[in-house]
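Peer 1: Dropping a structure here in structure tokens format, bear with me for questions.
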Amino acid sequence: MTRPDPRQTAALSAALSRAVDLSGLKARADATAKTPSSAAGQPAPSGEHSIDVTEANFEAEVVERSTQVPVVVALVAGWSAQSTQLVATLEKLVAEGGGAWRLAKVDIEVSPRVAQLFGVQGVPMVVAIAARQPVDAFNDVPPEDRVRQWIDSILDALRDRLPGIRAAEANAPVTEAAPESEDERFTVAEHALSLGDFTAAEAGYRAILDAEPTNADAKAALVQVQFLARTHTLDPSVIVRADTSPDDVDAQTTAADLEVAEQHVEQAFSRLIGTVRRTAGPDRDKARTHLVTLFDLFEPDDPRVIKARRDLASALF
């Protein structure tokens, strides 16, 4: 199988990873799932374990569903014969799987923003999502036996992590937590984010904080939206610029952002701690402040954050 360039899915990794887990702030999937399929913007399911996905139901059917079972996202186009061929194979295999995994089909012409999120450069492209993170991908049309092996390897790797896999294999229902009551303010902000409108999403979370300054969910979301806004179009060449210009603090902070987005968290922290050690005055303070902002993307007890805070204290004192 031909693997896509890892940088193509850097934004997706950032959006779905633990570092920037915007979807995890509120459980919204129930609202979308309970909406009749005939409602505007909602596609009808095409099979028991296969569904057509658009921007409207992406969070519920891909992001949230992936906390129970792996979701295989097939990015396709109606004009592509290869897309039709691959979807037929995937639909056959997902039916055989009995619910151990889910197939989400995305027509890139109907949902261009979803295609942009995945960095699609050609169809068909297939990405496996588990626990809100992309875990593997390919962008060709392998024979059925190789696709089956690929799916089996994902199920084997995730069987102990996702409750829905074993439940489906044992033909047992998965018990899901009762949905939280909806907060329309979060719904509006999250919808703006799903459309890639970072300005509107940030304004939505700021409005919540204006009314409730101690709202922890809104505080976390605001930090994360600001991170996505400044990283979603970063040029990978900034890493080279930073490595060749160690005294350029702007290059160091930007490179650290990209490294976090690409899941090189410890490398990003180490870069900025090194910058703090080398600099003084306003440059040192800028590097330190940026590093502390990155800490806010993670849980306080994350071991990477704990170590980096200790190393930062050593660099400062």
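Nothing in this text is a laboratory measurement; each read-out follows from the coordinates by a stated rule. In this text the structure is predicted, and so the values were computed from the model without any measurement. So basically every Cβ, Gly included, is an ideal-geometry build from the backbone, and we count neighbours across all protein chains shown.
Peer 1: When the Kirkwood radius is taken over all Cα pairs of the stretch 184-231, what Stokes-Einstein diffusion coefficient follows at 37 °C and 0.692 mPa s, in µm²/s?
Peer 2: 320 µm²/s
Peer 1: Which of the peptides 263-270, 67-74 is most tightly packed, and how do the rest follow, judged by the mean count of other Cβ atoms within 10 Å per residue?
Peer 2: Averaged packing, sorted descending, gives the order 67-74, 263-270.
Peer 1: In what order do 286, 92, 105 fall by count of nearby beta-carbon atoms within 10 Å, going from fewest to most?
Peer 2: In order of increasing Cβ crowding within 10 Å: 92, 286, 105.
Peer 1: Something else: Using a Förster distance of 35 Å, how high is the FRET efficiency between residue 170 and residue 54, based on the Cβ-Cβ distance and rounded to 0.05?
Peer 2: Once the sixth-power term is evaluated, E becomes 0.60.
Peer 1: Given a Förster radius of 35 Å and the C-beta distance between residue 285 and residue 235 as r, what FRET efficiency does 1/(1 + (r/R0)^6) yield to the nearest 0.05?
Peer 2: That gives a FRET efficiency of 0.85.
Peer 1: While we're on this one: Need one number: convex hull volume per residue for the stretch 195-289, Cα atoms only, in Å³.
Peer 2: Spread over its residues, the Cα hull of the stretch 195-289 gives 116 Å³ apiece.
Peer 1: Based on the Cβ-Cβ distance of residue 88 and residue 185, what FRET efficiency does E = 1/(1 + (r/R0)^6) give at R0 = 41 Å, to the nearest 0.05? Can you show the working numbers first?
Peer 2: On the way: r = 43 Å, r/R0 = 1.05.
Here the calculated transfer efficiency is 0.45.
Peer 1: Would you mind computing, in nm to one decimal, how far apart the modelled labels at residue 302 and residue 219 are, each placed 7 Å from Cα along Cα→Cβ?
Peer 2: Between residue 302 and residue 219, the label points sit 1.7 nm apart.
Peer 1: Let me ask another. Give, as a single signed number, the net charge of other residues whose beta carbon lies under 14 Å from the beta carbon of residue 80, with Lys and Arg counted +1 and Asp and Glu -1. Don't jump to the answer; show the numbers that get you there.
Peer 2: Working: positive: 105; negative: 107, 109, 140.
Residues near residue 80 contribute -2 overall.
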